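In what follows, a structure is listed as structure tokens, so that the remarks can point back to it.
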Amino acid sequence: MASLLTNAAAMTALQTLTATNNALATTQDRIATGRKVNTAADNAAYWSISVSMESQSKTISAAQEALGVGKAVVDTAVTGLEESIKIAEQIQAKLATLGSPGVDDAIVQADVAEMSAQIVDIAKSASFEGINLLSTAGTDVTITTGYTSSAGGGTAALNTMTVAKYDLEGAFGTAPATAADAETTIKAMRAAAATLGSKASRIESQTSFNSKLIDALDRGVGALVDADMNKESARLSALQVQQQLGVQALSIANSSNQSILSLFR
């Protein structure tokens with residue numbers, strides 16, 4: 001039936017063209033952004049998961065930066081201690097000569113006092129950004145190592161580790177009087193250096209893990225929301241052809257009403 005008021009063919013063609021245009025807009029948006037899920041409307045579940053994972057990745061990245069600062073603080077202290085141990089061993093050797101024939105005890109003690117003062121200077125200067133683990137005024141340091149997400153019902157929290165200070169400055173504020181005193185101090189210095197070394201090793205391990213975890217999270221987000229550009233490119237070409245055909249079909253449907261005029265000629 002030919003109707004002047006209702007053109008069913010044109011309606012169908014228009015609906016098809018509208019659907020094609022919507023699909024084309026979606027594909028163009030995916031190509032422009034590189035993502036198939038840009039908003040919650042695209043896929044609420046994937047969008048929610050990706051936002052949570054991206055937030056976790058950013059937090060771990062921030063913790064990674066803090067971990068880098070912490071490593072610098074510990075490395076500075078380790079360097080100061082290692083150098084001081086070498087000097088302290090020389091002090092012990094010099095003190096072992098006290099009372100020996102031909103040794104001027106006063107000169108030895110004066111030399112020991114200078115070397116002790118050198119260690120004190122090292123302790124005071126072994127600071128990074130104002131943080132010093134070897135000075136008397138220094139304090140224990142808490143370093144952020146990572147982040148525990150609340151995903152899965154857990155409690156969100158920053159992971160930390162505490163690095164205890166060693167008062168190297170105080171240990172040599174007064175020069176050792178005997179080789180035995182020096183040996184006792186050296187043992188304490190070596191224990192402190194070993195502890196700091198283990199902290200430095202833990203920091204390096206945690207830094208490596210955080211880096212891999214960030215990469216894993218980013219890959220996970222990509223798997224959820226990234227668009228397949230090969231697929232979208234092929235889809236774009238197909239939709240552009242469909243759009244052209246839809247326009248042509250709508251034009252043909254609209255022109256069909258012109259045939260009604262011929263009935264009245």
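So, in the stretch 144-186, exactly how many residues are part of a strand (DSSP E or B), surrounded by fewer than 16 Cβ atoms within 10 Å (Cβ to Cβ) and in contact (Cβ under 8 Å) with a residue 60 or more places away in the chain?
Kept after step one, since they are part of a strand (DSSP E or B), are these residues of the stretch 144-186: 144-148, 157-163.
Filter again for surrounded by fewer than 16 Cβ atoms within 10 Å (Cβ to Cβ), leaving 148, 157-160, 162.
Adding the requirement that they be in contact (Cβ under 8 Å) with a residue 60 or more places away in the chain leaves 158-159.
Counting residues in the stretch 144-186 that are part of a strand (DSSP E or B), surrounded by fewer than 16 Cβ atoms within 10 Å (Cβ to Cβ) and in contact (Cβ under 8 Å) with a residue 60 or more places away in the chain gives 2.
Inspect all residues belonging to the stretch 20-33 and state whether any of them is over 24 Å from GLY197 (Cα atoms) and assigned to a loop (DSSP other than H, G, I, E, B). I'd like the intermediate steps shown before the answer.
Keep residues of the stretch 20-33 that are over 24 Å from GLY197 (Cα atoms), which gives 20-33.
Those still in the list that are assigned to a loop (DSSP other than H, G, I, E, B) too: none.
No, the conditions are met nowhere in the stretch 20-33.
What number of residues within the stretch 111-143 satisfy the criterion of being part of a loop (DSSP other than H, G, I, E, B) and surrounded by fewer than 19 Cβ atoms within 10 Å (Cβ to Cβ)?
6
Being out of contact with any helix residue (DSSP H, G or I) (no Cβ under 7 Å at 6 or more places or on another chain), of a type in the set (Lys, Arg) and free of Cβ contacts under 8 Å to residues at least 60 places away in the same chain is true for just one of LYS124, LYS86, LYS94. Which residue is that?
Working: LYS124 fails: out of contact with any helix residue (DSSP H, G or I) (no Cβ under 7 Å at 6 or more places or on another chain); LYS94 fails: out of contact with any helix residue (DSSP H, G or I) (no Cβ under 7 Å at 6 or more places or on another chain).
Checking each option against the conditions leaves just LYS86.
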**OP:** Could you grab me the full set of residues in the stretch 47-91 that are surrounded by 19 or more Cβ atoms within 10 Å (Cβ to Cβ) and over 16 Å from the mean Cα position of the chain (by Cα)?
**Re:** SER50, VAL73, VAL74, THR76, ALA77, VAL78, GLY80, LEU81, SER84, ALA88, ILE91
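If you check VAL112 against the conditions, is it in contact with a Pro (Cβ under 8 Å, 6 or more places away or on another chain) and either β-branched (Val, Ile, Thr) or more than 18 Å from GLU169 (Cα to Cα) (or both)?
Details: in contact with a Pro (Cβ under 8 Å, 6 or more places away or on another chain): yes; either β-branched (Val, Ile, Thr) or more than 18 Å from GLU169 (Cα to Cα) (or both): yes.
Answer is yes for this residue.
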Subject >> Total residues in the stretch 202-240, condition free of Cβ contacts under 8 Å to residues at least 40 places away in the same chain and farther than 16 Å from ASN22 by Cβ >> reply: 12
**OP:** Return yes or no: is ALA191 modelled with pLDDT of 95 or more, assigned to a helix (DSSP H, G or I), of a type outside the set (Lys, Arg) and out of contact with any His (no Cβ under 8 Å at 6 or more places or on another chain)?
**Re:** yes
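Can you name every residue in the stretch 152-194 that is of a type in the set (Val, Ile, Thr) and in contact with a helix residue (DSSP H, G or I) (Cβ under 8 Å, 6 or more places away or on another chain)?
To start, the set of residues in the stretch 152-194 that are of a type in the set (Val, Ile, Thr) comprises 155, 160, 162-163, 174, 178, 184-186.
Once the filter is applied, which keeps residues that are of a type in the set (Val, Ile, Thr) and in contact with a helix residue (DSSP H, G or I) (Cβ under 8 Å, 6 or more places away or on another chain), the stretch 152-194 yields VAL163, THR174, THR178, THR185, ILE186.
The values are calculated or read from the model by the stated rules, or taken from the named source; none is laboratory data. From a predicted model like this one, the values you see are computed outputs, not experimental measurements. Quick reminder, even Gly has a Cβ in these numbers, built from the backbone with ideal geometry, and neighbours come from all protein chains shown.
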